[in-house]
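Q: Pasting a structure here, questions to come.
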Amino acid sequence: GGIGGALGFQIRSIRPSGDIRLRNPEVVFLFSRDVRENTVAASIKVLRADNDAVVNGTFTTEGSLVTFVPADTCPAPRTDRHCFAVNTEYVLTVDRSLRSSVGQSLACGGLAPACSARFRTGSIIDVLAPRLSIQAPFFGQNVPTNDNVAVSTYAEDDSGISFIESFAN
């Protein structure tokens, strides 16, 4: 495939962005192609905006989705969760050295989306899981084999939804 347009390897979204209420968001990078996992740690950075300090944490790669959770735990009694600093701005950057699973380099800027985003944490620690449901097809409904089937999902959370993905089986 080509390197630009719909065939290229680029960012679809980086979440969160802007001012958020939470201290414990999961940072989500969604790409247009599956990501080569061994290029993630060197290519994606989460930095404090005030001093450019790298935030230590864990990257998880699943196909075209890369998530980041900071290493620091939240204050007691929520030490089972991981938090960013309170009311702090962060910069999320993806370097062009990131590779797709087939070796494409990441396209940034120009006609491709920017390869960075910023967000500012709040003070709330989210502890409630989101509520999810599939609205269509309904449970037990027959669907055609080897055909596209529209799936309608519903999600609700006390602090917002950043990403929903549906899979067959």
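Q: List every residue pair whose Cβ atoms lie under 8 Å apart, where the two residues are 6 or more positions apart in sequence or sit on different chains, the first residue falls within segment 73-93 and is free of Cβ contacts under 8 Å to residues at least 12 places away in the same chain, and the second residue, located anywhere, is assigned to a loop (DSSP other than H, G, I, E, B) and among the basic types (Lys, Arg).
A: Final answer for the pair search is Thr73/Arg81.
Q: Mind checking which residues of segment 11-35 are in a loop (DSSP other than H, G, I, E, B), open to solvent by 80 Å² or more (accessible area, probe 1.4 Å) and in contact with a Lys or Arg (Cβ under 7 Å, 6 or more places away or on another chain)?
A: none
Q: How many residues, within segment 115-145, are modelled with pLDDT under 80 and not in a strand (DSSP E or B)?
A: Just the residues of segment 115-145 that are modelled with pLDDT under 80, to begin with: 126-139.
From what's left, not in a strand (DSSP E or B): 126-130, 137-139.
Of the residues in that region, 8 qualify.
Q: Here's a follow-up. Would you check if there is a residue in segment 104-113 being closer than 25 Å to Thr153 by Cβ, in contact with a Leu (Cβ under 8 Å, 6 or more places away or on another chain) and open to solvent by less than 50 Å² (accessible area, probe 1.4 Å)?
A: Residues of segment 104-113 closer than 25 Å to Thr153 by Cβ: 113.
Those still in the list that are in contact with a Leu (Cβ under 8 Å, 6 or more places away or on another chain) too: none.
No; the residues of segment 104-113 include none that is closer than 25 Å to Thr153 by Cβ, in contact with a Leu (Cβ under 8 Å, 6 or more places away or on another chain) and open to solvent by less than 50 Å² (accessible area, probe 1.4 Å).
Q: Return the pairs, sorted by first residue and then second, in which the second residue is open to solvent by 40 Å² or more (accessible area, probe 1.4 Å) and part of a loop (DSSP other than H, G, I, E, B), the first residue lies in segment 41-68 and is closer than 18 Å to Gln10 by Cα, the beta carbons are less than 7 Å apart, and the residues are 6+ apart or on different chains.
A: That search, which allows pairs on different chains as well, returns Ala42/Ser97; Ser43/Asp95; Ser43/Ser97; Gly63/Asp34; Ser64/Arg33; Ser64/Asp34; Thr67/Glu26.
Q: Counting only residues that are of a type in the set (Asp, Glu), in contact with a strand residue (DSSP E or B) (Cβ under 8 Å, 6 or more places away or on another chain) and assigned to a loop (DSSP other than H, G, I, E, B), which one in segment 146-167 is modelled with the highest pLDDT?
A: Filtering segment 146-167 for residues of a type in the set (Asp, Glu) gives 147, 156-158, 165.
If we keep only those that are in contact with a strand residue (DSSP E or B) (Cβ under 8 Å, 6 or more places away or on another chain) as well, we get 156-157, 165.
Those left that are additionally assigned to a loop (DSSP other than H, G, I, E, B): 157, 165.
Details: Asp157: 61, Glu165: 67.
Filtering first and then ranking leaves Glu165.
Q: Just one of Asn87, Asn38 is within 17 Å of Ile125 (Cα to Cα) and surrounded by fewer than 19 Cβ atoms within 10 Å (Cβ to Cβ); which is it? Spell out how you get there, then give the answer.
A: Details: Asn38 fails: within 17 Å of Ile125 (Cα to Cα).
Asn87 is the lone residue from the list that is within 17 Å of Ile125 (Cα to Cα) and surrounded by fewer than 19 Cβ atoms within 10 Å (Cβ to Cβ).
The values are calculated or read from the model by the stated rules, or taken from the named source; none is laboratory data. Quick caveat: nothing in here was measured; it's all calculated off a predicted structure. No Cβ is skipped: glycine too gets one built from the backbone with ideal geometry, and neighbour counts run over all protein chains shown. The accessibility values were calculated without ligands, DNA or RNA, using every heavy atom of the protein model including side chains. Shrake-Rupley method; radii C 1.70, N 1.55, O 1.52, S 1.80 Å.
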